Structures are given as structure tokens and as C-alpha cells.
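Participant: One structure coming up, written as C-alpha cells, with questions to follow.
The values are calculated or read from the model by the stated rules, or taken from the named source; none is laboratory data. Predicted model only: the values in this text are computed from it and were never measured. Glycine also receives a Cβ, built like all others from the backbone with ideal geometry; neighbour counts cover every protein chain displayed.
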Amino acid sequence: MQTLIDLLDFAVEKFPENTYLHEKRGSEWHKLTYHQTRQKVHEFGAGLLKLGVEFGDRIPLLSEGRDSWIISELGLLHAGGCSVPLSIRLTPSEIAFRVKHSGAKIIIVSNNQLPKINEIRNEIPELETVILLDKISPKQIGDHYFDEVCELGVEYLKSNPEVLNETLRVINPDTLANITYTSGTTADPKGIMISHGNYISNVEQALTLMHIPDSYRTLAILPWDHCFAHTACLYCFMAKGASVAAVQIGKTGNETLKNIPVNIKEIKPNLLMSVPALSKNFRKSIESGIAKKGKIAVALFKAGLSISYAYHGIGIDKGKGLRFLLKPLVMLFDKILFSKVREGFGGELEFFIGGGALLDVELQRFFLAIGMPVCQGYGLSEASPVISSNSPKYLKLGTSGKLVKPLELKICDTEGNELPKGQAGEIVIKGGNVMKGYWKNPGATAEVIKEGWLFTGDLGFMDEDDYLVVNGRFKSLLIGSDGEKYSPEGIEEALVDNSKLIDQCMLHNNQDPYTVGLFVPNVSELKSVVTNYGLNPESEEGLEYAIKVIEHEIKSYSGKGKHSGLFPERWLPACFAVLPEAFSDKNQMLNSTMKMVRRKIKEKYSSVFEFLSSPAARNPVNSMNKENLRKLITGGN
């Protein structure tokens, strides 16, 4: 196989009657076989050609995951086009930038996302046609419904049966398949160019780590534009003739989220793709369900977890040595308790593949203990995206797993020199999955691709067992005045996960004498503490006491504090600022995968960082913190 067209043809040839797509409409699940899927793809592709789509045209796709999403992408690829998948979290202005920058003349949109396009349509005169996936969407002059495009294709194929084949003859591995935009940490989003060959290489690489029988089912709970879901789910499952189900689309995002647990029970997936935020929500849901059963159930669950933790170790040492003595107890708890928990996930879930961000080891231990291991992986969009992953067969908690094959990897220092095994530095890779470059940005391309090597910007090392350990962003390191470096993500996660009073935080140190931090407290928890102390949270005394409570909580990570030892004390913030609002995707402080966009945070709060470097900031009960906390508590009033 050399292209994504070959991949679909291979699946149809080998698994024609296997179900590829499941979509719930109303109360019924509808299925499309691989053969039926290709038929729809050909119809839509031919319809696009009839509308005048030319080889190399970029076509954005803005929709929730559904049958017509992947049919649209495969169809436009068959027409020689390039897909520009867009996140449904994007604001109208963010969409406008991507549509303009990609030079798109046509966009494919679902009904829920159409208002965003209507808001910006007059700003983009180059945008000639909107293809509406839903017939309930109001049509403007020049627009077409998805079904109408397919009907055009049917008629076009009757009169020109070779029209698709003529286009397919010029598609090759180097042909551009996707431009995937990433917010990253740059001033403007970059368009990552992924070729057909990149995708095929990464599908084949990923499948050296991930076993997918053709009987497997998954519920694609991650956004379909997400590079991880795109490759590891939609295309890896296609390569193996397995089935992909879409989450039932609600009228709102929250309604769609509520459909996930229901759909999981209905589909009974064998494998799920997840990100840390989802894994945390799944754990909360499990523990909440146990708590509702009473104190005895909670005690039993905790006892079972403790025994299972001891038996499973860190994965590679499962049941080894004296651990084998615990196996009967583990099997007992699995039968009476953990198997019931797994029934909430359909009862057939064998494992998760986790990506998108680093997953807390404690969270990994939890899911391994209950028999649904989260196999942490690592990748980035520029690598199509899979670079490494754990698997049920090769699992080591705290790592990002074994490398895909074939792939070259080296660890480099800040000068680009290769470091010895076991020493941390920038992760640098070379392989068929490395992107073609950034769309219309040769300068940025040259910065990250050097002699075929992709400099990922991530910090990590290969351990003694040949597992990749990823420590965070190489370029967001805390760098002390003495040159020592440390990744902030683990510290920030520890502060948030272990403190009910802290919702969000970002640490900063760029060769300064000390580290500083931005904090968003949990308002309800903080108000409760202040109120229980006998103060009004909105009063001057209440605000001052609340800031001292936050300070005390931060200091609990040092000395003999209750949280000491979780990370080196030298990186604990010596002074901090309370922020007047939370980081969110709405204020662009979080990107579409809910990661902090550090550059934008630093830009917005540049004056705050300047203040934090002054002597006045060493006293946290200052006027800035009091005013910002007042805004948080009163909702900005």
C-alpha cells in the first residue's frame, strides 16, 4: 500500500462485508460495510469533481465525528483534494484564519457548526461553496447538501465511468493528504502537511505495537480531526478490517458528552483511544459509582486495588517473584468486583491507548489494577502522529512505551549533539511518518526538520529496558540561574492533582533566581475554608486569609509538609499570582486538546510576570492578588 486510496481498496478486497462504520440515528444504530463505504466515497468524490474540484485543492472539514466525516475525507482524497480537518472547539476567527491560510474554496460543515461559518463567510470571499452534511441546514446560493453531491457523483460516474480513475492515477505517496493546523506555542497556527505516504507509514508503524483483530470494535470518543484519533483509530482499524463507531451527536457539546457512557455500553468496544482528561473522568465515574454502594463496597474496592497494585507492579514485573502469591486474591477481587466495573464499559474492553498528553502514573496503576490498562503512548502531529506506545504485551508504567518500527530516534542536547542512552534531552526522530513540512512556512519547517530529522521539542530519554520516557516540553523547561533544567508539567500536575484548593497553575523560570507561578484556585473550596474560619470571603479580611491559605497549600510541598517529596523543592514557586479567570479554550489559554498555550499565557500576563520578579511580590497578600481573587469570587463584579 502506498496511499490512503490503496488502504481503502485493500480493506474492501479483504473485508468487504465487515462493518466499518456504526452511527446512531435516533434510537437505532446504522452500519456501513467496507464495500458500502467505498461506494459512498466514490459517489462523493465524483460529485466533487463535477463541482469543479481540482487536484491539490484544500477542503476544510468542520464536523462532529460521523459516517459522513470519513466518507467526506476519503471522497475528497479520491478527487485529488487535500483535507483540512478542523476542531469543533475552534472559534469563528480561528476557523477564518485556517480557511484563508489554506486557500480553501470549498468547506464541508455539519449543522451544529454552520453558525460559525455564517458568521465569517463575508470575510472570506474566496470561499465559494459550503457543503452541508445535514439536510436541516439552511442553504445559501452556491451551497450543496452532502446527499446532493453524492447524487451528482452517481450521475457523473454513469456518463464518465473513468473520471475517478483518471484522478487516482496521479495520486502518489508524496501527494498531500492533510493540512492539520496546530495551535502549539507559536504566534499563528502552523499547517502541518501530511502526505498519503506519511499516513501509510504511520499506520504500518503503529500496527507493530497495536494488535487489532478484524472483530474489534471501538467507539471513537476523541474528536476525529485529532491526529491521534485520525491515524490510530480511523485508519489503523481500516487496515485490519475492524469497526469504528461514532459517538451519538447531541444538540450541544454537553449532550454529546453525556452520550459517551451510553454508547460505550451499546457498542461494547474492545479498545478505546483516550486522553488524560477522559481517563480522569472515567475514574471519577467509577469511584462515584462505588461510593453510592456504601462504605462496605468502598472498603472492598480499596482493598482489592491495594492487592492488585502489589500484584501488577509497574507492568513488566506483573506477578513476578513473590507477587505470584497474590494471584488467587487478585482473581477473586476481579470476579466479585472489577469485572462488574468493566461491565460499565461494555464488558469487552481489553485496553485503552492513551495519548495527547502525559498520563499520571497513579491513574495508569488504577486502570491496570481493574483490568483495563491505559497504554500510554507518545507522538505529535508532525509525526503523523504515533512515535511510541505501551501495549498489553509490553507495558511499563511511567513510560511512553516501545518505539514503532521502523523508526530512528536519538536524544540531543541544546546544541543538537546526540546524548548517551539514559540521559534526557530533546527527542529527535527520522522515519516515513515525518511530515512534509509546514504549509507556506519554509522558515518554521527548517527549524524543526534538519537533514530529515524531526526535532520534536519534547524532553525525554530511552531507559534501560528500551522504553521511551517523556518528561514534557523541551522548550518549556524551567531553567534556573545556574543552568539546571526541569520540565514544569509534572510539578504543575502534582500541584493540581493533590490540592483541592488549586484548579490550574503555570510555573515559569527562565534563568531567574527563583521560580514564579500563576494560580487559579478552586473558588468553591476556598470560599468554604474561609467561611468555616468565620470570615466573609468577599471582605478584606476574608480575601487576605484566603491568599494565606493558598500560600500555606503551596508551602505544603516543601520541608516536612504533607506533600513534600513529590518534586525537587527548588522548583516550587517562591512567589505567586492569583489570576482573575481560569485558563480555557474560550480565552485561548487552552488549545483543542486542553493543553496550556504557554506563549499566549505569558503574553497576556506579561505585566504579572514582571511584577512577580519584583520584591513587592514576595508578600502574596498584595493588592493585585486581592483584586484578582475578588473578581474570581464575585464572578467579575
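Participant: Does at least one position in region 571-591 carry a residue that is more than 29 Å from ILE88 (Cα to Cα), without any contact (Cβ under 8 Å) to a residue 24 or more places away in the chain and either within 33 Å of the chain's Cα centre (by Cα) or assigned to a loop (DSSP other than H, G, I, E, B) (or both)?
Facilitator: As a first pass, look at region 571-591 and keep what is more than 29 Å from ILE88 (Cα to Cα): 571-578.
Filter once more, so that each one left must be without any contact (Cβ under 8 Å) to a residue 24 or more places away in the chain: none.
No: region 571-591 contains no residue that is more than 29 Å from ILE88 (Cα to Cα), without any contact (Cβ under 8 Å) to a residue 24 or more places away in the chain and either within 33 Å of the chain's Cα centre (by Cα) or assigned to a loop (DSSP other than H, G, I, E, B) (or both).
Participant: In region 511-522, what residues are aromatic (Phe, Trp, Tyr) and surrounded by 20 or more Cβ atoms within 10 Å (Cβ to Cβ)?
Facilitator: Hit for region 511-522 is PHE519, nothing else.
Participant: Residues to consider are ARG89, ARG58, ARG66; find the one that is assigned by TED's automatic domain parsing to the domain that holds ILE120, surrounded by fewer than 24 Cβ atoms within 10 Å (Cβ to Cβ), in contact (Cβ under 8 Å) with a residue 40 or more places away in the chain and in contact with a helix residue (DSSP H, G or I) (Cβ under 6 Å, 6 or more places away or on another chain).
Facilitator: Details: ARG89 fails: in contact with a helix residue (DSSP H, G or I) (Cβ under 6 Å, 6 or more places away or on another chain); ARG66 fails: in contact with a helix residue (DSSP H, G or I) (Cβ under 6 Å, 6 or more places away or on another chain).
The match here is ARG58.
Participant: May I pose another question? Report, by residue number, each residue of region 550-608 that is of a type in the set (D, E, K, R), closer than 26 Å to ILE633 by Cβ and in contact with a Phe, Trp or Tyr (Cβ under 8 Å, 6 or more places away or on another chain).
Facilitator: If the condition is that a residue be of a type in the set (D, E, K, R), closer than 26 Å to ILE633 by Cβ and in contact with a Phe, Trp or Tyr (Cβ under 8 Å, 6 or more places away or on another chain), then GLU551, LYS602 are the ones that fit.
Participant: Answer yes or no as to whether ALA424 is on the phi < 0 side of the Ramachandran plot, of a type in the set (A, V, I, L, M, F, W, C) and at pLDDT 95 or above.
Facilitator: So ALA424 fails the test.
Participant: Right, something else. I need the full set of residues from region 202-223 which are more than 23 Å from LYS396 (Cα to Cα), buried (at least 23 other Cβ atoms within 10 Å of the Cβ) and out of contact with any helix residue (DSSP H, G or I) (no Cβ under 8 Å at 6 or more places or on another chain), in order please.
Facilitator: none
Participant: Yes or no: ILE194 buried (at least 18 other Cβ atoms within 10 Å of the Cβ) and not in a loop (DSSP other than H, G, I, E, B)?
Facilitator: yes
Participant: Which condition number does ILE212 fail, the rest of (1) modelled with pLDDT under 95; (2) β-branched (Val, Ile, Thr); (3) in contact with a Cys (Cβ under 8 Å, 6 or more places away or on another chain) being met?
Facilitator: Going through (1) modelled with pLDDT under 95; (2) β-branched (Val, Ile, Thr); (3) in contact with a Cys (Cβ under 8 Å, 6 or more places away or on another chain) one by one, ILE212 breaks only (1).
Participant: Next question. Given (1) surrounded by 13 or more Cβ atoms within 10 Å (Cβ to Cβ); (2) free of Cβ contacts under 8 Å to residues at least 40 places away in the same chain; (3) under 13 Å from ILE633 (Cβ atoms), identify the lone condition not met by VAL496.
Facilitator: The failed condition is (3).
Participant: I'd like the full set of residues that are over 29 Å from ASP188 (Cβ atoms), of a type in the set (Val, Ile, Thr) and touching a helix residue (DSSP H, G or I) at 6+ places or on another chain (Cβ under 8 Å), limited to region 597-637.
Facilitator: VAL621, ILE633
Participant: Going through region 240-274 one residue at a time, which ones are within 19 Å of ILE70 (Cα to Cα), in contact with an Asp or Glu (Cβ under 7 Å, 6 or more places away or on another chain) and assigned to a strand (DSSP E or B)?
Facilitator: Across region 240-274, the qualifying residue is only ALA246.
Participant: Where in region 385-450 are there strands (runs of 3 or more DSSP E), lying fully within it, with 3 or more residues that are surrounded by fewer than 18 Cβ atoms within 10 Å (Cβ to Cβ) and in the same structural domain as PHE366 (by TED's automatic domain parsing)? Step through it out loud before you land on a result.
Facilitator: Details: elements: 386-389, 408-412, 425-430.
Strands (runs of 3 or more DSSP E) meeting the threshold: 408-412.
Participant: Sticking with this one: Which pairs turn up if I take residues in region 291-308 that are assigned by TED's automatic domain parsing to the domain that holds ILE336 and look for partners that are among the hydrophobic types (A, V, I, L, M, F, W, C) and assigned to a loop (DSSP other than H, G, I, E, B) with beta carbon separation below 8 Å, at least 6 apart in sequence or on another chain?
Facilitator: Taking only residues 6 or more apart or on different chains, the pairs are LEU305/ILE370; SER308/ILE370.
Participant: I'd like to know if region 145-164 contains one or more residues that are touching a Ser or Thr at 6+ places or on another chain (Cβ under 7 Å), assigned to a loop (DSSP other than H, G, I, E, B) and of a type outside the set (Asp, Glu). First the steps, then the outcome.
Facilitator: The initial filter retains those residues of region 145-164 that are touching a Ser or Thr at 6+ places or on another chain (Cβ under 7 Å), namely 146.
Next cut, assigned to a loop (DSSP other than H, G, I, E, B) only: none.
Taking every residue of region 145-164 in turn, none turns out to be touching a Ser or Thr at 6+ places or on another chain (Cβ under 7 Å), assigned to a loop (DSSP other than H, G, I, E, B) and of a type outside the set (Asp, Glu).
Participant: Okay, next question. For region 122-137, what are the residues that are of a type outside the set (A, V, I, L, M, F, W, C) and touching a residue at least 12 places away in the same chain (Cβ under 8 Å)?
Facilitator: Hits for region 122-137 are GLU123, GLU126, GLU128, THR129, ASP134, LYS135, SER137.
Participant: For region 523-572, give me each residue that is within 12 Å of LEU495 (Cβ to Cβ) and either crowded, with 21+ Cβ neighbours inside 10 Å or touching a strand residue (DSSP E or B) at 6+ places or on another chain (Cβ under 9 Å) (or both).
Facilitator: Result: ILE550, GLU553, ILE554, TYR557, PHE567, TRP571, LEU572.
Participant: So which residues in region 592-614 are assigned to a loop (DSSP other than H, G, I, E, B) and over 30 Å from TRP224 (Cα atoms)?
Facilitator: Start the filter on region 592-614 by keeping residues that are assigned to a loop (DSSP other than H, G, I, E, B), which leaves 592-595, 597, 605, 613-614.
Result: TYR605, SER613, SER614.
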